[in-house]
Amino acid sequence: MIDHDRLFKELLSTFFVEFVELFFPEVMAYLEPESVTFLDKEVFTDVTAGERYETDLLVQARFRGQESYFLIHTENQSTPDINFNRRLFRYFARLHEKFALPIYPVVVFSYDKPKKPAENRYQVEFPDFKVLEFNYRVIQLNRLNWRDFLSRRNPVASALMAKMQIAPSDRPKVKAECLRLLVTLQLDPARMQLISGFIDTYLDLTESEEQAFSAELDKIEPEQREEVMQIVTSWMRTGIEQGRQEGREREIELVLRMLGVKLGSLDPEIEAQIRGLEIDRLEELGIALLNFKSADDLTTWLKNFKQPN
């Protein structure tokens, strides 16, 4: 399962000013970038529904040239929710009560469907009287065309193109273009990895799409293509290492289950030793344990081999 909230929070907290520049350039006219401070998450409990909610991203910033402050509250919503506008208003009301500061509310709708325009307000009104109209800014990714962001030298654009409106046949091209834009930004390795990981998560290609992706890479100018290929190679290395680690963990659990059946409950120190074995040694242990008669046999086996350096 993809942890959408974590991925979006990492992206937006790392590149918050760039996020505002990309989608709300008018805010940059009065926001002092150097004043941006991330506040602790706020937790809200809905007693009647028995649910607990946390704010995704809460930023305090100073008005440019002034000593007064305001908040930008940003939520990522990865699944449709017909009651989301009411919940966002509750967030707003409680944050306003606590901080007594102006609040600029923003929602990033990152789900794939539906594609109809998302609600951008919460209202309470009567036929003769409007009691309340709470408005918030909406970024609905599945209604944005990725082509409109190709020329935007912005790290958030490079990442979020992967979640925009993409024809199935364009997925390999979009992945290549996301990476092409990324390498032009000349970011440090950690930030480069954050964005490339975001792209690879949301544009996980099939085998046939990978072939089309390779063809798209050939169209990139040589200097940029070399940097893109370094990113792709790092993905391959990471995938291999993850596969090995997952295989090792499965092997550990299998060996421990077999030992439990054969010998009963294991001493915690012995179990810790087993969990520290490399996969080749785990496989050897899986064969050797068939001849074990007691826990002493296991202890002896562990003592009689040396873990490679």
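Coordinate-derived values only; no laboratory data. As the structure is a prediction and not an experimental result, all values here were calculated from the model. Using ideal geometry, Cβ is built from the backbone for each residue, glycine included, and neighbour counts are taken over all protein chains shown.
Highest GNM mean-square fluctuation among Ala159, Ala295, Ala212, for the chain modelled with Cα contacts below 10 Å: Ala295. Using the Karplus relation 6.51 cos²θ - 1.76 cosθ + 1.60 with θ = phi - 60°, the per-residue 3J(HN,Hα) values for the stretch 64-72 come to 4, x, 10, 9, 8, 10, 8, 10, 10 Hz, with x marking Gly and Pro.
Of all aspartates and glutamates in the structure, the ones whose alpha carbon falls short of 17 Å from that of Lys262, not counting any fewer than 8 places away in one chain, are Glu251, Glu253, Glu271, Glu283, Glu284, Asp296, Asp297.
Report, in degrees rounded to the nearest 10, the 0 to 90 angle that the Cα long axis of helix 279-288 makes with the longest principal axis of the chain. For helix 279-288, the angle is close to 40 degrees.
Helix 4-14 and the longest principal axis of the Cα set of the chain meet at an angle near 70°.
Among DSSP bridges having both ends in the chain, what percentage is antiparallel? Round to the nearest 5. Spell out each step's value before the answer.
Details: 20 of 32 bridges.
DSSP beta bridges in the chain are roughly 60 percent antiparallel.
Amide H contacts under 5 Å for Ile103: Leu71, restricted to partners 5 or more places along the chain or on a different chain, H placed in the peptide plane at 1.01 Å from N.
Ranking request for peptides 197-205, 183-191: highest mean number of other beta-carbon atoms within 10 Å first, then the rest in descending order.
197-205, 183-191
Calculated mean residue ellipticity at 222 nm for the chain: -15500 deg cm²/dmol, from DSSP H runs with n ≥ 4 weighted as -39500 (n - 2.57), summed, divided by the residue count and rounded to 500.
Taking the highest mean first, how do the peptides 216-228, 146-158 order by number of other beta carbon atoms within 10 angstrom per residue? Write out the running numbers ahead of the final one.
Details: 216-228: 13.7, 146-158: 18.0.
So the peptides 216-228, 146-158, ranked by packing, come out 146-158, 216-228.
Note on the chain: along the principal axes its Cα atoms extend 85, 57, 40 Å, ordered by decreasing extent.
Of all DSSP-defined beta bridges confined to the stretch 4-143, some 65% are antiparallel rather than parallel.
I'd like to compare 65-76, 92-103: which one has the highest average count of other Cβ atoms within 10 Å, and what's the full order after that?
65-76, 92-103
Compared with the dominant principal axis of the Cα atoms in the chain, helix 207-217 is inclined by about 60°.
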